[in-house]
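Below you'll find the structure, written out as structure tokens, and then a few comments.
The values are calculated or read from the model by the stated rules, or taken from the named source; none is laboratory data. On a predicted model such as this, the values are computed, not experimentally measured, just so you know. Positions of Cβ are backbone-derived with ideal geometry, glycine not excepted, and every protein chain shown enters the neighbour counts.
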Number of protein chains: 2
Amino acid sequence: VSSPPLPLSASLYLTVHYLNKLLSISASVFCRVSGVGAFSLWDVAYCFNMRKESRLIRWIGRIVVVTALLLLGFIIGWFAKPTTNTTNQIASSKYLREFLDEMQSDQIREHLRKFTRLPHLAGTEQNLRYAEQIRKEWLEFGLDSVEMVPYDVLLSYPNKSQPNYISIVDQLGSEVFNTSLAEPVPAGYEDVSNIVPPYSAFSAKGQPEGDLVYVNYGRTEDFFQLEREMGINVTGKIVIVRYGKIFRGNKVKNAMLAGAKGIIMFSDPADYWAAGVQPYPDGWNLPGGGVQRGNVLNLNGAGDPLTPGYPAKEYTYRFSLEDAVGLPKIPVHPIGFHDAIHLLKNMGGLIPPNNWKGALNVSYKIGPGFTDDFKSQKVRMNIHTNNQLTRIYNVIGRIRGALEPDRYVILGGHRDAWVFGGIDPMSGAAVVHETVRSAGRLLSKGWRPRRTLIFASWDAEEFGLQGSTEWAEDNAKLLQERAVAYINADSAIEGMYTLRVDCTPSLHTLVYDITKQIASPEEGEEGVSLYDSWHKRDNWTNDRNAPRINKLGSGSDFEAYFIRLGIAAGRARYTKNKITERYSSYPVYHSVYETFEIVEKFYDPSFKRLRAVAQVRGGLIFRLADSLLLPLDVNQYADSLRKYAQSIAQLAQRHPEEMKMYAVSFDSLFSAVENFTIAARDFHERLQILNREDPLQVRVMNDQLMYLERAFIDPLGLPGRPFYRHVIFAPSSHNKYAGESFPGIYDALFDIENSADPEKAWEEVKRQISIAAFTVHSAAMTLTPPA
Amino acid sequence: VSSPPLPLSASLYLTVHYLNKLLSISASVFCRVSGVGAFSLWDVAYCFNMRKESRLIRWIGRIVVVTALLLLGFIIGWFAKPTTNTTNQIASSKYLREFLDEMQSDQIREHLRKFTRLPHLAGTEQNLRYAEQIRKEWLEFGLDSVEMVPYDVLLSYPNKSQPNYISIVDQLGSEVFNTSLAEPVPAGYEDVSNIVPPYSAFSAKGQPEGDLVYVNYGRTEDFFQLEREMGINVTGKIVIVRYGKIFRGNKVKNAMLAGAKGIIMFSDPADYWAAGVQPYPDGWNLPGGGVQRGNVLNLNGAGDPLTPGYPAKEYTYRFSLEDAVGLPKIPVHPIGFHDAIHLLKNMGGLIPPNNWKGALNVSYKIGPGFTDDFKSQKVRMNIHTNNQLTRIYNVIGRIRGALEPDRYVILGGHRDAWVFGGIDPMSGAAVVHETVRSAGRLLSKGWRPRRTLIFASWDAEEFGLQGSTEWAEDNAKLLQERAVAYINADSAIEGMYTLRVDCTPSLHTLVYDITKQIASPEEGEEGVSLYDSWHKRDNWTNDRNAPRINKLGSGSDFEAYFIRLGIAAGRARYTKNKITERYSSYPVYHSVYETFEIVEKFYDPSFKRLRAVAQVRGGLIFRLADSLLLPLDVNQYADSLRKYAQSIAQLAQRHPEEMKMYAVSFDSLFSAVENFTIAARDFHERLQILNREDPLQVRVMNDQLMYLERAFIDPLGLPGRPFYRHVIFAPSSHNKYAGESFPGIYDALFDIENSADPEKAWEEVKRQISIAAFTVHSAAMTLTPPA
């Protein structure tokens, strides 16, 4: 127990001052007996002078003893005054253990079963019921408050009386083949109503008819290849692409840019079929009638398409549908591979390049004139999906922070599902539920975190991260000033192999720390830590000797928090072996076959994997909320920045002549990274010698840690993407799921060799380098001593 | 002296724990003598049991006394442990008095004389020399650090070999009259070189020739009147307007929008001549040869035109001149009224409306065809001004905060002057200089403010607030998180009547408090406070019974801090009687006649007025930096918001039918203001019962106070003005000098009766009301308890 440094003179002054006071009182008591009023040391001396000398000496002796004892007591009292920080941190570690141990596999199983019985699409009655149930249970678990937060946003549903489908039509316009209107319902769910048929949310309405062109995955490079190498123009055609590799919204955008009048997406077994695995219900592969639902927006972080930048409250001004953000202008529809075979086998015509052939081994057609039997057949899309203003509900629970209530650590994940949500999102929601239960137990034992914990059950994630984004917009001012970190809790499992973590660099070290305190859920790995299990299975050989951690992309609810607001963020889930298992996502993704049973039978029969994920997510928020010093590692950010800077500079170096011609240099960026590295190292050193007993000094450095991520935000946003404001990380412009580092520079360099105006294009590269250099330099400044 | 609340049980536990420890030691000493080792109360008891009973009793008595004394000492020690906040605040008040008293009129006079001897235009050698001198003296005064911070920005200078002037040309193209190339230099300054001739900085180059049209003050409404009522089109003409009423950059913008090919501005005696006052040097009126210099940019807060949004560092990417922000595309030139008479008297033609007639009683010409003697004469502008990338220097001084070094209070004002800067800006700079000297004296007496004080001497304010804006851009991340307030220090005097304050609502109360502690500088008002003197002279009858305080507009260096970053801001200066003195600004504004002598002889011979201004500005930053609780008044903000909301709603109510037709309602805004009012009142009440001894609790509420202004910032900015981001206040779109409240709504409503698409226009009004309501509601949320 040590005391805050206090000037010695002040201590001495106070000691003497109080002793003097005390002695004068004591003396006055003594002298009172002999009728002398004495009120200070001098008076005492005077008083004693009146007595005989022998008694004087004895009294002096007594006074010395009394003084010494009082002084001793005083000193003890002074130093005994509690300096709580150290003690609290020991207690915090003990509580962390209890918190992790309290989380139970059986509980998670029950939570998952409970919340996957019925379909609960965003905006439906059932999803509101689950929200109310979660609210009720979180209150029972012991949260300080739980509220329902509604917004009125634009959603999209199939027209119940006019189903969506795709036809092959003959010369007379007759539909000679129609795709199926629904997926075969899995056993045990036959009586369930309200299963939404497969559709592409926010598709434009329409019945375009035309020739079909196959464009592989519909990636930017696929369209480039089609146009540049094969000389095929898709204007006025309908394109068909396989699902996978990139976010489906990007495929739609590419098709629109290429001039297509409709786009069909299908799940190719090459991408959604694991070798040696049976289709559901005998295994976890996607049946031929299974279809991936999903929205096809290009929101770029806007949230509700009608209220970009502002929360969709009752009074909020809404754009007209024509001015809405990110809606596709063409019909879009998803099909399974049984249906896809029919469409593709009727295409005939050219043979596509080898790397375009999926398991269905398609060729493609580009219009009449090809000498094949089917040249006169066309495809017709019948799409009647409606956009609809709909009320959605977030559930927000809180545990008030004991010492810093104005510092927020958020654990959020969505609740809305395409159908049952067995994996997406309820495996994640069950984990959050268990985390809340465990936190509630701790509260009842007297624990209360230093900072405020916020738990969120988001709505309408599947419709473009709307629930989380609207809440972020609604609370932007508070979050900007107060949010320490956001941990995302979407699907907790997508494979059976090991842990997968995507997070901001400053969280790497905490993730490693926490996973060392958690047991591996794998059979035969008793006594092995999750960290060691993970490390063994996914070693990150090109960096520190540690398990792989990825950059954050998007496609889940952390987006607004991380990329718009600059709040340190991370996500963790159980995943497949990405080297041996090459299929996209997991096979039944967004199909009706995402049931409770697929998790219970195949993905995690013991529910130990979900428990491990719960412990990782829970451990992260616990440490972030309860540590005296924020567990954010500035040095790791420096390392990552250096790596990203080198990598983007290398990309530019593919054009050495242009770099020279237009005087493009990365020196300013490297110099800023160097500044940052030094500032981070110095900051880290100052952190080690910080007086942890001084609450203000601790707060000052914690604020520097908290605001570091914020420093990477450019209020002007990335070019054309005002709500993507993080200069270091953004979703790729070509695939929303993937994270791009230094996205401004990356996009400026993209396909620059084909730029119509190279000088202008390279000027933009220079501008983006300058912005990146400034931002990194600025962030470095936030780590230097504040004055 | 009270202690932070500590659970009683903990105190008791610790008392007993330490007493037990101590007694065991004492007892062990006693028992050691008799050979018994005793280490706890129980051992002591055992030890004493071995002795005879009589001695036991005596010992027990002694132990009781010893224990009592130790306990007493302990308790004293416990409570004596300093709880510094209260004591510090008493010391702070004492130091404030010393700080104010230390500021001396004679010192201010010397500072002013020293820094006005030579012209020191931004970007010149002399202005760098003054910067270095200020740096040196601030260090001598005792600041912890003073640095020069350079930027490379776009400035604009006349071409030294090709002077700018305006001619009247005859049919043959001969110049029959030329305007003067310079102002007559005032006595005593004949040998001074480097006096820049009058010019409009950033004017386009060119020699347009054409008919001259007079457009009064060149305001939006003047051009409307010209076009709509008089049916006169100025396309291809040269316009001439009087200075005054609005910022000259707005005049130029209006002329460009109207299609003029050049614009001439002159100082009309109606606007720059005080009745009964002699022209300089016999009085303080503008001589006929005097001309107002000034920039004619429309930056809308961008700072350096080539690097909008980012600091103009060496590595920063710069736009080409074509893409630069806010540069006029037409030649612009200023003239004095002696020259103006020549141009105007040769115009002939129509008689302008009465309200357009200045002292020169002009008519105007709109092209050939008018039956007057001069119809064949045209005007030619000869403008050769160059834009030039130039290094400028801010001087930044700091006093590190003792307890919260990461909280910044800034006092900033510019140093660059058009010529000598006798009033603008050196009357302000001298005041800052004296403030720094006084703060340095306090430091040497042991004072150190709770928060960090930053003093700034900005460069290139006259060229569009560039020095202050670039520094704000450079430090945006730090300022956003850490700046408590910005106090501006441009010209400290523009009249001889009373105080003038423009500030954010939350500073009103502090301004009143401080001015009550300062003496009136007016003769015959000995013993009267500045507050009372000000109140008597400028009573704000339509609000609280207090002196008038105005909204902040722009035209000085607070702009980026207040309107872009949302930092509470204010300015104070001595001013004229705005009721009886109707001239614009002050007559010699931006002319060569702004000398030291004009202040010494006319404006403030005793320098007491400047001292009072120094005390106001200094008092504000002192209290903001050193008060335990930030002296910001949230209730006053609520009052102001209500007033502004009512006023903008009234403006809309001028169109009752359209309001109905397009369903425009202000209800959401009024409801948000009501929320804010309640939140502010509750906050204020919680502030009264705050435990001021708990540093974290104090910090939490101070942060709420600090971030309140930030909550009014919309990161998306106002329409078309991305760097004006304050939803409550912005410079008027029609006059940069004036502040507009709810500017988004105001601009949407502006001239709406003449909108080409009324539905769209009213939709925009609704959108802006929605944004305002959200922002006010958001700000209210920041005042509620943080969790």
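Table for the structure above
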quantity	calculated
Subset of region A:402-432 (residues that are more than 14 Å from chain B (Cβ to nearest Cβ) and surrounded by fewer than 24 Cβ atoms within 10 Å (Cβ to Cβ))	none
Enumerated helices (runs of 4 or more DSSP H) restricted to region A:677-787, each holding at least 3 residues that are within 11 Å of chain B (Cβ to nearest Cβ) and under 26 Å from the mean Cα position of the chain (by Cα)	A:695-710, A:758-783
Residue in region B:745-766 that is within 25 Å of residue B:667 (Cα to Cα), touching a Phe, Trp or Tyr at 6+ places or on another chain (Cβ under 7 Å) and surrounded by 24 or more Cβ atoms within 10 Å (Cβ to Cβ) present	no
Of residues in region A:154-187 being in contact with a Gly (Cβ under 6 Å, 6 or more places away or on another chain) and not hydrophobic (A, V, I, L, M, F, W, C), the one surrounded by the most Cβ atoms within 10 Å (Cβ to Cβ)	A:183
Pick from region B:280-329, criterion β-branched (Val, Ile, Thr) and within 20 Å of residue B:249 (Cα to Cα), ranking: surrounded by the fewest Cβ atoms within 10 Å (Cβ to Cβ)	B:325
Test: residue in region B:528-541 that is in a loop (DSSP other than H, G, I, E, B), among the polar types (S, T, N, Q) and at pLDDT 95 or above	no
Answer residue from region B:692-718, given it is of a type outside the set (A, V, I, L, M, F, W, C) and farther than 18 Å from residue B:404 by Cα and is surrounded by the most Cβ atoms within 10 Å (Cβ to Cβ) among those	B:709
Count - residues of region A:659-674 that are of a type outside the set (Phe, Trp, Tyr) and within 12 Å of chain B (Cβ to nearest Cβ)	8
Checklist (1) more than 14 Å from chain B (Cβ to nearest Cβ); (2) assigned to a loop (DSSP other than H, G, I, E, B) applied to residue A:623, failing item	(2)
Residues that are surrounded by 15 or more Cβ atoms within 10 Å (Cβ to Cβ) and without any contact (Cβ under 8 Å) to a residue 24 or more places away in the chain, drawn from region B:529-539	B:529, B:531, B:532, B:535
Residue match in region A:117-131 (condition: in the same structural domain as residue A:426 (by the TED database), under 24 Å from residue A:604 (Cβ atoms) and of a type in the set (Lys, Arg))	yes
Condition check for residue A:678: of a type in the set (Val, Ile, Thr) and surrounded by 16 or more Cβ atoms within 10 Å (Cβ to Cβ)	no
Residue A:288 vs. criteria modelled with pLDDT of 95 or more, more than 14 Å from every other protein chain (Cβ to nearest Cβ) and more than 27 Å from the chain's Cα centre (by Cα)	yes
In region B:640-672, residue nearest to the chain's Cα centre (by Cα) [restricted to those that are outside any helix (DSSP H, G or I) and at negative phi]	B:666
Tally, over region B:608-658, of residues that are surrounded by fewer than 20 Cβ atoms within 10 Å (Cβ to Cβ), of a type in the set (A, V, I, L, M, F, W, C) and in contact (Cβ under 8 Å) with a residue 40 or more places away in the chain	3
Strands (runs of 3 or more DSSP E) (entirely within region A:133-181) containing at least 1 residues that are on the phi > 0 side of the Ramachandran plot	none
Lone qualifier among B:140, B:190 - being of a type in the set (Asp, Glu), over 26 Å from residue B:261 (Cα atoms) and in the same structural domain as residue B:473 (by the TED database)	B:140
Enumeration of residues in region B:115-134 that are in contact (Cβ under 8 Å) with a residue 12 or more places away in the chain and basic (Lys, Arg)	B:117
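This table checks each residue for (1) in a loop (DSSP other than H, G, I, E, B); (2) closer than 24 Å to residue B:273 by Cα; (3) in the same structural domain as residue B:726 (by the TED database).
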site: B:557; (1), (2), (3): yes, no, no
site: B:578; (1), (2), (3): yes, yes, no
site: B:582; (1), (2), (3): yes, yes, no
site: B:588; (1), (2), (3): yes, yes, no
site: B:591; (1), (2), (3): yes, yes, no
site: B:602; (1), (2), (3): no, yes, no
site: B:616; (1), (2), (3): no, no, no
site: B:619; (1), (2), (3): no, no, no
